[in-house]
Amino acid sequence: MYIYKSSQIKEADKWAEEQGMTAFTLMELSGVGLFNAIKQDLDIHKHHFTIIAGKGNNGGDGIVLARYLQIAGVRCTLFFPLGLPVSAASKAHFDYYSSLGFSVSTNLPDQSGSILVDSLLGIGVKLPLRENIQHVMDWMNRQVAMKVAIDLPTGAASDDGDCDKHAFKADRTYSLHGYKPSRFLFPAASLYGETKVVEIGLPHTSNWKVRSALDVAKSLTYSGRNTHKGTFGHGLLIAGTKDMPGSAALAASGAVSCGAGKLTVQTEKEAVPIIASHVPEAMYQINPHIELDHSFDAIAAGCGRPSNDKMETLIEELLAQSKPVILDAGALYPRSYAKKKCPIIVTPHPGEFSRMTGKEIVYVQRTRLEAASAYAVENNVTVVLKGEYTVTAFADGSGYVNVTGNDGLSKGGSGDVLTGLILALVLRNKNIKEAVADAVYLHGYCADKWKEAYPAQTMRPSYISQIIAEAANEILKET
Ligand SMILES: NC(=O)C1=CN([C@@H]2O[C@H](COP(=O)(O)OP(=O)(O)OC[C@H]3O[C@@H](n4cnc5c(N)ncnc54)[C@H](OP(=O)(O)O)[C@@H]3O)[C@@H](O)[C@H]2O)[C@H](O)CC1
Ligand SMILES: [K+]
């Protein structure tokens, strides 16, 4: 499923109109799409719909939906508390609706029917909400009804995570043509409820997607014949110290469990027995001068390591060689990647990203897609911005939002395991974009599997490696 900013939706509409698809037709397609989607999800004849429509095109979608409901014999009442439609397409649909003898009101009813539809504002919203709409929103939020938003909940921004305090709190949202970025950006994301995308017959042009199980299943391969350990790559993991051996152990077991062919861990001597007790498959380098002239196929650095001059010197060496490098934790600091000779993947959490970019965490969180994408393009790197709905942004401006995972991952060590998974899949898949996005998906999927059986927060990051086999099995069944 694709993600579109408001400007991209407007461009798509404009393009369609230039090809002869009128705004009236697009609205018809939106309304009929909404009707079909709602009919599929709900027993519409058991309900009474109250549709609260605005003066723009979001309101117009509500008018078309109301017509389909009326014609299907479903109880439905349509209200325009902010005044009658003003946009040309909405006006035309309003006239057609009225010509069929269906009535409307400009006053709010005493109470809503069992389904309350928010068709007030969509991508045309400019926050904050004006005073004239605030009391409408408060009335809507007070109603005891199933709350359904069209395109996006009124009062949520479209392109970032901003929202008004009077915003509509939806149980469900039906988004037209694609998700809007705010669906994945807090605090706006918490207003959406369950969200579905309604296709309206426009071709897809966005290079931002929600990665699906099917996408992952197509690129994740765990079959092969006549293979040997070299087939699946030799990874170097530069991680852990004598005080923090666990980070290295977590990343190493993640890498080995996810299918790295061979793994060498560069770490401190005292850490080796501890890591080895968790990952007997790994080999070790304890020479403080890291030997990069090995036949490593990919390198991950930083888990359980402090950021200091030694780390910066090491990173300079890493940037000068050609194999993909994953930088995490202690390896994440502001620096230039201008002279790099290798693909770089950085995996910051919002705090680390804020440190790397100098931007406030609040800003980073509200604009995660935009912020990660800008950094990826500017520095020609891949950014994995962790958190709920991890964002993976690529140097070509494209990206993925990840929808697997839960609060069980909010624990020290989860990120180390993710680094291990990314390392393993980058070793196995020449397509780095797919490899990174698959690792993020799989990591979250393991947490979701745990949550199916137990309270999410009882999960330990070390369990992820144990769940990978079953998770991969399930995902691979998607093809
Ligand atoms: N391709 C598609 O996905 C299509 C989607 N459609 C639907 O169209 C809307 C976008 O319609 P648009 O008319 O551009 O904008 P809205 O209806 O969302 O909003 C405009 C109205 O909102 C008022 N407004 C804006 N900000 C505020 C505010 N802070 N407080 C109160 N009111 C506000 C604005 O009032 P003005 O006085 O400023 O004009 C307008 O009345 C999209 O979301 C989909 O639902 C198309 O139907 C088909 C193609
Ligand atoms: K809406």
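Values in this text are rule-based calculations from the coordinates and carry no lab data. What you see is a predicted model; the values in this text were computed from it and never measured. For neighbour counting, all protein chains shown are included, and Cβ atoms are generated from backbone atoms with ideal geometry for every residue, glycine included.
Relative to the dominant Cα principal axis of the chain, helix 88-99 is inclined by about 50°.
As a rough guide to protection, the peptides 275-286, 436-447, 31-42 ranked by mean Cβ packing within 10 Å, highest first, stand as 436-447, 31-42, 275-286. The aspartates and glutamates whose alpha-carbon is closer than 17 Å to the alpha-carbon of K242, local same-chain residues fewer than 8 away aside, are E268, E270, D416. Taking a straight line from the alpha carbon of K196, these aspartates and glutamates sit under 12 Å away, with near neighbours fewer than eight places off in the same chain left out: D41, D151, D171.
Do any of K147/K477; K180/K451; K340/K477; K262/K339; K359/K477; K91/K209 go past 31 Å between their Cα atoms, and which? In this structure, K147/K477; K340/K477; K359/K477; K91/K209 lie more than 31 Å apart at Cα. Taking Cα atoms, how many degrees apart are the long axis of helix 368-379 and the longest axis of the chain, rounded to 10 and kept between 0 and 90? The angle comes out at about 50 degrees. Comparing G54, L476, S99 along the charge dipole axis of the chain, the residue lying farthest to the positive side is L476, per the Cβ-charge model.
With no solvent and one equal point scatterer placed on each C-alpha of region 6-206, evaluate the Debye formula and give log10 I(q)/I(0) for q = 0.10, 0.13, 0.16 Å⁻¹, two decimals. These q points yield log10 I(q)/I(0) values of -0.36, -0.62, -0.98. Using +1 at the C-beta of Lys and Arg and -1 at the C-beta of Asp and Glu, which of T357, T367, S307 has the Cα lying farthest in the positive direction of the dipole of region 272-378? The residue sitting most towards the positive pole is T367. Starting from 0 in steps of 10 Å, tell me what percent of the Cα-Cα pairs of the chain lands in each bin. Whole-percent P(r) values from 0 Å outward: 4, 19, 26, 20, 15, 10, 5, 1, 0. Helix 23-41 and the long axis of the chain differ in direction by around 70°, with both axes built from C-alpha atoms. Only Lys, Arg, Asp and Glu carry charge here, each on its Cβ (+1 for the first two, -1 for the last two); on that basis the chain has a dipole of about 200 debye about its Cα centre. Per residue, the convex hull spanned by the alpha carbons of region 213-478 comes to 120 Å³. Dipole check for region 45-182: with +1 at the C-beta of Lys and Arg, -1 at the C-beta of Asp and Glu, and the Cα centre as origin, the magnitude is about 280 Debye. Sparsely packed loop sites in region 42-145 (the chymotrypsin sites (Phe, Trp or Tyr not before Pro) outside DSSP H, G, I, E and B with at most 11 other Cβ atoms within 10 Å) do not occur. Averaging 1/r over every pair of different alpha carbons in region 360-479 and inverting the result gives a Kirkwood radius of 14.8 Å.
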